[in-house]
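The values are calculated or read from the model by the stated rules, or taken from the named source; none is laboratory data. Values in this document were obtained by computation on a predicted structure and should not be read as measured data. Cβ placement follows ideal geometry from the backbone for every residue including glycine, while neighbour counts extend to all protein chains displayed. Areas reflect the complete protein model, heavy atoms only, side chains present, ligands, DNA and RNA absent. Shrake-Rupley method; radii C 1.70, N 1.55, O 1.52, S 1.80 Å.
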Amino acid sequence: MLNIFTYDFMIRAFLAGGFISVIAPLVGSFLVLRRLSQMGDTLSHVALAGVAAGFLIGINPTIGSIIFVILSSFGIERLRKSYFRYSEISIAVVMSAGMAIAVILLSLSSGSPANIMNYLFGSIISINNTDVLLSLILSIAVITVIYIFYKELLYITFDEEAALISGIPVNLVNIIFTMIVAITVAVSMRIVGALLVSALMVIPAAASLKIAKNFRQTIFYAILFSFISVFAGIILSFYLNLSPGGSIVIVSLIIMGLASIKKAGN
Amino acid sequence: MSKIVELKNVNFSYNDKKVLNNINLTIDDGEFVGLIGPNGSGKSTLVKIMIGDLTPSSGEVLINGINVKDIKKRSIIGYVPQKSYSFNASFPASVKEVVSMGLYGKLGLFKKLSKDDWEIVDNALKIVDMIDYKDRLIGNLSGGQQQRVFIARALVSDPKILFLDEPTTGIDAKSEDTLYKILDTLNKQNKITIIMVTHDVWAISDKVSRIVCMGNGRLYDRCDTLDFSKKELVEIYGYPVKLDMHHHQNENINNRL
Ligand SMILES: Nc1ncnc2c1ncn2[C@@H]1O[C@H](COP(=O)(O)OP(=O)(O)O)[C@@H](O)[C@H]1O
Ligand SMILES: [Mg+2]
């Protein structure tokens, strides 16, 4: 059998995969509990437009997608306020806008279609050292910010109105969190692909909810499950020649199934 | 006795709907005030005005003589909102975590909870007799137990005034009794001024030191004498009220007065 660790590109995959396996569920747990599970999905479509823009004007696609995602999340907030009673409209509209812009920008750019496929379905093999370094730096940024604002995020997630009344700067924390979500989506899509980003943000958190006894545990198990999914998924995809993004998500679904069974057994 | 809460000619409207009509109210330090009135009469709005969550369109709200919006130490105000247990019931937070949230605003950004802070959390849970449940998930408790946890959350910041908005709604009679005992202790031993909203006229009359009534956005200060004629009650409540519904408690009050 081939030894997976003798390949540089696999080492890079494990490194970058390891980083996103921590930040995706970390951010995702808050999203799920704020009933914003759809957010990751929407933003990853927008991120695709950012990638296309990056190709077109020749900047790093990850940077391009971070900029697009941050801009669009403020757009979502705006729309959410003007469609107050149908707030899910804002998410659907922004998702369509993201896809439309992505498609148009791609048709304008001369970049090879293979490149965009990497972002749609994720590609381990095409990760270079810059990608690894970028995902390390951004992951550290995400973890640090969540560590710093942990208690505020917990309160806002639990009860936004009560948090506001008790003097927590809710708007400021929400803006910071939005940017953290944007970064996480942009970094993760390089590995699992735009189509599966939200899976990695949502599924481990959903599994964790079945067994966690407090909020700290919820985050801990979500990261643990995601870590296992990413590593097992990468190894499976290597030996069985499957799509890595797809394999990662399937493993996470199996874990979620096991967590549900454990809960039912209790 | 010093005035702890003072409302002067307070008016408030949601959009163009007038909800509070020239409210004047003074509450002394150490009082236990029951605020009663039918649904929609503006009780919750009045409480939100008093804690500074809503701003009156005219008039003044003073806490300890300072405009409520200018208070630096917001932690002196404790608030248990109406239906605070209508939060997402499957939220994976432990009782301990929920109570600790009451400290976050006081601590400020960038500060983590210290060992002493967790002790304060434990103490608040002891006061509401929920310490044995501190590691339980909040969603696995009964309505009455959850309400006690939310009171503990309001207590950790060491408030001087505690506002409770219909804390007994949806909990059984026995839990209600426990709750009133806790509030009595907080008021008498911990010297916390309490303002409690309820729409049940009779249930609280022997629990509190004073009752004020709301009706149609106005405040009526003389309902503690309980000598309304039916006509006046209709005026306050907007519909006829059966005076003989709670015979037993009614008699108690009359004896007491
Ligand atoms: N956020 C709001 N926007 C518009 N109207 C409101 C709002 N909250 C309450 N109201 C209205 O104000 C009136 C008083 O409400 P509220 O203070 O909740 O009464 P109570 O607590 O006595 O039941 C009601 O008619 C209610 O419909
Ligand atoms: Mg109310």
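Taken over region B:34-67, the criterion of being of a type in the set (Val, Ile, Thr), touching a Ser or Thr at 6+ places or on another chain (Cβ under 9 Å) and within 14 Å of chain A (Cβ to nearest Cβ) is satisfied by B:49 alone. Against the criterion of being within 16 Å of ligand 1 (Cβ to nearest atom), over 18 Å from residue B:211 (Cα atoms), over 14 Å from the mean Cα position of the chain (by Cα) and not aliphatic (A, V, I, L, M), residue B:21 qualifies. How many residues does region B:1-21 hold that are under 25 Å from residue B:31 (Cα atoms) and not in a strand (DSSP E or B)? Count: 2.
Under the condition of being among the hydrophobic types (A, V, I, L, M, F, W, C) and open to solvent by 10 Å² or more (accessible area, probe 1.4 Å), which residue from region B:193-202 is farthest from ligand 2 (Cβ to nearest atom)?
B:202
Within region B:27-55, restricting attention to residues that are farther than 17 Å from residue B:214 by Cα and not in a strand (DSSP E or B), the residue that is most open to solvent (accessible area, probe 1.4 Å) is B:55.
Restricting region B:90-107 to residues that are at pLDDT 95 or above and farther than 18 Å from residue A:33 by Cα leaves a set whose member that is nearest to the other protein chains (Cβ to nearest Cβ) is B:104. With a requirement of 1 or more residues that are within 14 Å of ligand 1 (Cβ to nearest atom), within 17 Å of residue B:34 (Cβ to Cβ) and at pLDDT 55 or above, the helices (runs of 4 or more DSSP H) lying completely within region B:160-257 that satisfy it span B:230-237.
If you take the residues of region B:84-93 that are away from ligand 2 (no atom under 16 Å from the Cβ) and surrounded by fewer than 21 Cβ atoms within 10 Å (Cβ to Cβ), which of them is nearest to residue B:115 (Cα to Cα)? In this case the residue turns out to be B:91.
Beta carbons closer than 7 Å, at least 6 apart along the sequence or on distinct chains, pair a first residue in region B:162-186 that is touching a residue at least 40 places away in the same chain (Cβ under 8 Å) with a second that is polar (S, T, N, Q) and more than 16 Å from ligand 1 (Cβ to nearest atom) for B:167/B:147. If the condition is being surrounded by fewer than 18 Cβ atoms within 10 Å (Cβ to Cβ) and among the polar types (S, T, N, Q), then region B:60-83 contributes B:64, B:67, B:82. Restricted to region A:126-148, and to residues there that are closer than 27 Å to residue B:90 by Cβ and open to solvent by less than 20 Å² (accessible area, probe 1.4 Å), the residue that is nearest to the other protein chains (Cβ to nearest Cβ) is A:146.
Scanning region B:124-144 for residues that are in contact (Cβ under 8 Å) with a residue 12 or more places away in the chain and either within 14 Å of chain A (Cβ to nearest Cβ) or open to solvent by 40 Å² or more (accessible area, probe 1.4 Å) (or both) turns up B:127, B:129, B:133, B:134, B:135, B:136, B:137, B:138, B:139, B:141, B:142. When the residues of region B:22-51 are filtered to those that are at positive phi and touching a strand residue (DSSP E or B) at 6+ places or on another chain (Cβ under 7 Å), the one that is farthest from ligand 2 (Cβ to nearest atom) is B:30. Within region A:202-215, does at least one residue satisfy the condition of being away from chain B (no Cβ under 14 Å), part of a helix (DSSP H, G or I) and not polar (S, T, N, Q)? Checked against the condition, which is being away from chain B (no Cβ under 14 Å), part of a helix (DSSP H, G or I) and not polar (S, T, N, Q), region A:202-215 yields at least one hit.
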